[in-house]
Amino acid sequence: MNRRILLVVVGVLVLSACRLDVTVVVVMEPDCWGVVKVAVVADAELMEQVPVFVDDLRLVYAEAYCWVADGPTEAAYGSLSLLLTHDFFTNDE
C-alpha cells in the first residue's frame, strides 16, 4: 500500500509542471447558426512526460459526429496543438 502512495506522489510531482490548456469558444449568429471551437495545447513538458499522448488521441470518434480536426500539430519547441470545430444550424444543437 505504501508503495502505491509513493508512486502516486511521485507521479503528481513529475506531472505538476505539465500543462494542458483547453479553450472552448461558441460563436452564435442572430439566426441561431454558428460554430463551436475547442483549442487544445499540450506544453513541451507534458509531451516529454507522456510521449504517447498523440498516439492515444481518438479523433475518429469526434469526426464521426461531424467535428473537424486541425492537427495535432507539433511546434518547434515541443508543444502540441489541436483545433476541433463543429458547425451547428439551430440553437437546439
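Since every read-out is calculated from the coordinates, none of them should be taken as a lab result. What you are looking at is a predicted structure, and each value in this text was computed from that prediction instead of being measured. When we count neighbours, we look across all protein chains shown, and the Cβ atoms used for this are built from the backbone with ideal geometry, even at glycine.
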- Item | Quarter of the Cα convex hull surface for region 11-80, i.e. its orientation-mean projected area (nm²) | 6.1 nm²
- Query: Which order do peptides 26-33, 65-72 fall in by mean Cβ count within 10 Å, highest first?
  - Reply: 65-72, 26-33
- Query: Using θ = phi - 60° and the Karplus curve 6.51 cos²θ - 1.76 cosθ + 1.60, what whole-Hz ³J(HN,Hα) does each residue of region 24-35 get, with Gly and Pro shown as x?
  - Reply: 10, 10, 10, 10, 10, 7, x, 8, 6, 9, x, 8
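Using alpha-carbon pairs under 8 Å, 6+ residues apart, how would you state the relative contact order of region 11-77 in percent? Don't jump to the answer; show the numbers that get you there.
Details: 53 pairs, mean separation 18.0, N = 67.
Worked out over region 11-77, it gives 27 percent.
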